[in-house]
1. Using a simple spin-label model with points 7 Å from Cα along the Cα→Cβ vector, what separation in nm is obtained for LEU247 and ASN388?
2. Restricting to DSSP loop positions (anything but H, G, I, E, B) with no more than 11 other Cβ atoms inside 10 Å of their own Cβ, which GluC sites (Glu not before Pro) remain in the stretch 337-394?
3. Which length gain, in nm to one decimal place, applies between ALA155 and ASN106 when the Cα-Cα distance is subtracted from 0.36 nm times their residue separation?
4. If you put +1 on each Lys and Arg Cβ and -1 on each Asp and Glu Cβ, how big is the dipole of the stretch 166-209 around its Cα centre, in Debye rounded to 20?
5. Report the residue, chosen from ALA340, ALA104, ALA25, that carries the largest GNM mean-square fluctuation when the chain is represented by alpha-carbon nodes joined by springs under 10 Å.
6. May I ask you to give the solvent-accessible area per residue for the stretch 268-394, in square angstrom, as obtained with a 1.4 angstrom probe?
7. Once label points are set 7 Å from the Cα along Cα→Cβ at both LYS236 and VAL13, what is their separation, rounded to one decimal in nm?
8. Could you tell me what percent of the accessible area of the chain is made up of carbon and sulfur, with a 1.4 Å probe and every protein chain present?
Amino acid sequence: MPTLLFAIASDDVEQVRKVLDSGEAGPNDPVGPQSALAFTLTNDKLARRNDIVKVLLAYGADPSALRNPALNPTARAEEGNVGPPPETTLEGMDPATRYFIARADNAHTRQTSRLIYRSFFRPLTRVRYDVVGQDWALEQLFRVLSMHSQRLAVAPIVVLLCGPSGHGKSLLARKFGSLLEVPTHTVNMTTLRSTHDIWQSHSMSPYEEPSSYTLAEFFIANEGKRCVVVLDEIEKTEDQKALWSLLMPWELGRCSLAAGTRHIDVHNVIWLGTSNIGHELVFEHHQNHPEQDKPLTREEYLQLMDILRPRVSECLGASLLSRVTTVLPFVPFTLEEKKAIAAESVYALGGDSARELSPQEVEALVMKALPHYVPGEGARSLHRAISNQLVDAM
């Protein structure tokens with residue numbers, strides 16, 4: 001197993017992840033005279049520098065090391081420079097790296113992580129370095145998972161992620177199973193036509209390993225085990241009666257797959273539904289916010305949750321919703337979050353050419369893309385705008 005130094009120097013994100021997973025090195029171990037974060041940020045030979053920084057942060061790298069001269073020594077001291085190398089300051093970073101470093105350095109981020117720190121769900125704290133924004137949704141999610149970890153709740157975990165398109169709902173649902181390293185089955189709810197269609201649905205996610213299992217076979221293979229079922233676009237089911245099959249598993253953790261068959265134990269299943277229900281309420285709430293480019297307070301987010309739940313009840317029915325653990329609205333991005341998404345798009349779409357750009361050049365592309373942001377399309381509009389910017393630049 002290579003050391004953390006060699007893993008980072010190899011410019012291989014997976015090698016860095018493997019070393020940290022193995023426990024042979026920690027994200028805060030010094031790499032030569034520097035912290036791992038400082039070494040990564042100041043190494044201009046790394047094409048995957050931004051991705052490696054995110055992996056280090058996801059595994060618990062402490063950004064305060066960048067303010068410690070012993071772990072982030074002054075570069076080129078012979079030239080009379082004082083203070084840390086410019087690449088390790090927020091001002092010297094591209095918008096995405098700056099966003100993720102600042103997020104990891106936030107006291108609220110660490111406090112929220114402690115909710116599930118000692119539980120099976122701890123790996124989910126890493127999702128902050130895959131999903132931009134939605135801090136309050138993640139906090140509420142971690143609270144729900146904490147209650148289940150402490151056996152303060154007996155019903156299965158059922159979470160509905162609601163709100164406008166392009167704001168991270170499907171991305172969070174998709175990352176859930178892979179971070180927890182448990183099996184995942186994704187049902188495209190738009191294909192359901194009858195009550196029992198859900199049990200015969202094959203997994204429809206292009207991001208999962210191909211599977212010939214129906215949902216019924218998935219439950220039998222994973223009976224009693226922790227696993228994840230994603231119900232994508234749950235409100236777009238052609239006949240709402242198709243959702244009635246969920247009443248018993250969501251309340252009792254038992255599933256009757258067909259008449260006359262034994263019940264299957266599904267109490268350890270985590271059910272995640274994604275939906276656009278209430279997107280107009282989310283935007284209305286956002287427009288009434290005095291500082292639209294600033295994050296909501298926790299009280300404002302809880303108020304939005306209270307407003308949204310009745311709307312979801314109207315759409316899906318009170319009987320079904322009464323069995324839902326929590327409804328989490330996904331909210332519009334702040335200015336810094338939009339910048340981070342756009343910068344991530346530069347690296348994802350621009351490939352090797354984009355990785356040769358300076359942080360200032362990346363920021364210039366980002367600023368040109370921001371006027372083309374469409375709230376109703378969310379991150380997708382920024383991806384499109386960056387794509388156009390890159391075509392022009394190249």
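1. For the pair LEU247/ASN388, the computed spacing is 5.0 nm.
2. Listed in order of number, the matching sites are GLU356.
3. This chain segment gains 14.4 nm when fully extended.
4. Magnitude of the dipole: close to 200 debye.
5. Greatest mean-square fluctuation among the candidates belongs to ALA25.
6. The answer is 48 Å² per residue.
7. 2.7 nm
8. For the chain, the apolar C and S fraction of the accessible surface comes to 51 percent.
The values are calculated or read from the model by the stated rules, or taken from the named source; none is laboratory data. Bear in mind that the values here come from a model prediction, so they are computed numbers and not experimental data. Don't worry about glycine lacking a Cβ; one is built from the backbone with ideal geometry, like all the others, and counts go over all protein chains shown. Ligands, DNA and RNA are excluded from the accessible area calculation, which covers all protein heavy atoms including side chains. Shrake-Rupley method; radii C 1.70, N 1.55, O 1.52, S 1.80 Å.
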